[in-house]
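The values are calculated or read from the model by the stated rules, or taken from the named source; none is laboratory data. This structure is a prediction, so every number in the text was calculated from the model and none was measured. Don't worry about glycine lacking a Cβ; one is built from the backbone with ideal geometry, like all the others, and counts go over all protein chains shown.
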Amino acid sequence: MDNLTEVYYFPIDNEGNETGTPVRIGLNDDGSADLSALPEGLGKTLEAGVGDPVLGRVMPKDGARFLEELLRSANPYMRFRSKA
Amino acid sequence: MALATPGSSPRKRGALPLPRKREPVPSAEEIQAPEKEAGENLEAREQKPETPQDRYERQRREENRQILDRAQSIDQRYFTAAGSWPDNLDKKIEKIDLAETLAYGEEIKRELIGEQGFNAITRRTYEGVNGTAVAYVKPRAGDLTYEYDPETDEVYDVRQQWNEDAQRMELVSEVTEDEYTQLSVKEWYKNQDNARRVIALHYEVPIDEIPRQKRMTERLGITEGSLPLREYAASRIDQMLGLDVVPLTVLREEPEQHDIVSVQEAVKTTDPQRPPRVMTPNDFLFVAGRVPGFTENTGPEHPAAKSMMRIAALHWLIKSADAHLGNVIYDQAAQKYYSIDNGVSLGPSFVESEGEEPRSVNPHVSAPLEIVNDFPDWKLDDEAIEGLKRFYEETMQYLKERESAVEENGPISRPDSGIKQLTSLFRLLYQNESAAKKEAMELLKKISYLIHNGRPPILEKADTFESGKLLDGLKTEEEARRKRLEQSTANEGAAA
């Protein structure tokens, strides 16, 4: 996963079905993760970082590591996958 | 005894090239295990000597069978004792029906919603005699673990992979590339005997009862393959105490791979326009009444605040250690929070492995606990306190009766008592009688604390959500909104 440059967020409907177009999270020129296309609330949640605080919380500025951590931290209500 | 020996935590950060297959190295326990009858699908090989892989598969199936039997026995007692639950009759029946559908319903739909190799959660629909239910399913065989091979001085990432042809689960490993993981796993391996001594002291058991661990997981004290079990135990404790903030979860057999899965009901909402979603910091600004202009019907009486306080109490009780914001789900229609992904919880109550004496440390990592820290006047709602009191008083009554019965007619046993069910759950997790009893009594003391203080204690920031950024973020956002409002008011004033 060294070369991970993008992951996709899949919005869900009330039934838990994926709906709409997947949202791409890529990398900015400075190497940080670009959260600008995400729904506002989710973007704010992720700005605080993802992953386990004890083992090492990963922030958007960490770029590819952050994207990898998104895949790890995904759950049924916050779906991220490496391909659209 | 399957208490994990603590040590430094590794963290996988390196690349994940295609797995390089390696013969799995059985542990000392695996090699020395007594010969028993082969599993049903292995009988065809009875003429051949048992290979390490066969033995691993046989033991895995036996262990899964035992776990499932015990969980079913716990649930049978729990649901039979439904009369003592705090819910009304309709809700009781609804829960029993749902548990039955999740545990025994026919699977009619399945889809992978995670990422294979990272987060292989599936969404499934079950059809039972009492209706259908949608649930999220986690396999027991899904953990990533780490193993140190002293002969090669290498650290390996180890995963389980189902071999369809051989009809068995196989351990697939690759050399760990991440330097930090290598160092920490080696440190853990070297420090294991000391850690075993600490654990033995803490639980007052002979050190022989603490086996050396072959593989370690990413989290201290959380044994390999135990996440679905802890997910299930967290749900059952939530139900027993009447907190009702964890979606109902059961353990279920996964026949194709002879595995066990945890099955957690999906959070559903009544408003199709507002699906359940992960918590955002902004939600809580409104709930707390910290958004200027939106302060009516907010504060501790807000339904969302009640559920947040209940989750914080539960996380304190079960030593929740992975409750980041993404694992707190908000049902917008009901204005209620739920706690999901509780697999990293209910670990041993210490992690210190240096020195002779066990040192109790606070293992909590919970955003809800951190949030309620900032509202020291907020208390649990009356109904939640009633649920805790019911459990506590019934337990104390049972313990008194048992004590007097021992003096008069010998011991009594009431399998449906809450504390007996709790201890049974803990036996499943800690697999040691002394540890299970000690953990159950510690939890009982914490329940007593909640009853008397109305809320979990204020925990130091360092012991909870390390980032501290959540509340900083809340405060920054709050401040920004206030400034915007002041600016806007000032502009209006100037214009007037």
Notebook entry, point to check: Of the residues B:PRO358, B:PRO348, which single one is modelled with pLDDT under 85, outside any helix (DSSP H, G or I), away from chain A (no Cβ under 14 Å) and over 16 Å from the mean Cα position of the chain (by Cα)?
Noted result: B:PRO358
Checklist line | Test result for B:THR223, closer than 21 Å to B:VAL155 by Cβ and either within 24 Å of the chain's Cα centre (by Cα) or without any contact (Cβ under 8 Å) to a residue 60 or more places away in the chain (or both) | finding: yes
Check: Can you name every residue in region A:7-42 that is more than 9 Å from chain B (Cβ to nearest Cβ), farther than 17 Å from A:ARG65 by Cβ and in contact (Cβ under 8 Å) with a residue 24 or more places away in the chain?
Finding: A:TYR8, A:TYR9, A:PRO22, A:ARG24, A:LEU38
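How many residues, within region B:154-191, are under 27 Å from B:ARG58 (Cβ atoms) and β-branched (Val, Ile, Thr)? So that I can check it myself, show each step before the final result.
We begin by selecting, within region B:154-191, every residue under 27 Å from B:ARG58 (Cβ atoms); these are B:156-174, B:189.
Filter once more, so that each one left must be β-branched (Val, Ile, Thr): B:158, B:172.
Residues meeting the conditions: 2.
Taking B:VAL205, is it β-branched (Val, Ile, Thr) and surrounded by fewer than 18 Cβ atoms within 10 Å (Cβ to Cβ)? Full working, then the answer.
Values: β-branched (Val, Ile, Thr): yes; surrounded by fewer than 18 Cβ atoms within 10 Å (Cβ to Cβ): no.
Spelling it out, it is not the case that B:VAL205 is β-branched (Val, Ile, Thr) and surrounded by fewer than 18 Cβ atoms within 10 Å (Cβ to Cβ).
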Check: B:ASP271: within 12 Å of chain A (Cβ to nearest Cβ) and either in contact (Cβ under 8 Å) with a residue 40 or more places away in the chain or of a type in the set (A, V, I, L, M) (or both), yes or no?
Finding: yes
Checklist line | Residues being more than 20 Å from the chain's Cα centre (by Cα), within 14 Å of chain A (Cβ to nearest Cβ), part of a strand (DSSP E or B) and among the β-branched types (Val, Ile, Thr) - total across region B:101-133 | finding: 2
Check: In region B:305-315, is there at least one residue being within 14 Å of chain A (Cβ to nearest Cβ), in a helix (DSSP H, G or I) and buried (at least 24 other Cβ atoms within 10 Å of the Cβ)?
Finding: yes
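Residues are listed down the side, and each one gets a yes or a no for (1) without any contact (Cβ under 8 Å) to a residue 12 or more places away in the chain; (2) small (Gly, Ala, Ser); (3) in contact with a strand residue (DSSP E or B) (Cβ under 9 Å, 6 or more places away or on another chain):
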{"position": "B:MET240", "(1), (2), (3)": "no, no, no"}
{"position": "B:VAL245", "(1), (2), (3)": "no, no, yes"}
{"position": "B:GLN264", "(1), (2), (3)": "no, no, yes"}
{"position": "B:THR295", "(1), (2), (3)": "yes, no, no"}
{"position": "B:PRO300", "(1), (2), (3)": "no, no, no"}
Next item on the list: Take B:VAL185 and decide whether it is touching a helix residue (DSSP H, G or I) at 6+ places or on another chain (Cβ under 9 Å) and either among the hydrophobic types (A, V, I, L, M, F, W, C) or closer than 16 Å to B:MET216 by Cβ (or both).
Entry: no
Next item on the list: Tell me, please, whether a residue that is assigned to a helix (DSSP H, G or I) and over 13 Å from the mean Cα position of the chain (by Cα) can be found in region B:274-281.
Entry: yes
Next item on the list: Kindly establish whether B:ASP178 is among the acidic types (Asp, Glu) and over 30 Å from B:SER434 (Cβ atoms).
Entry: yes
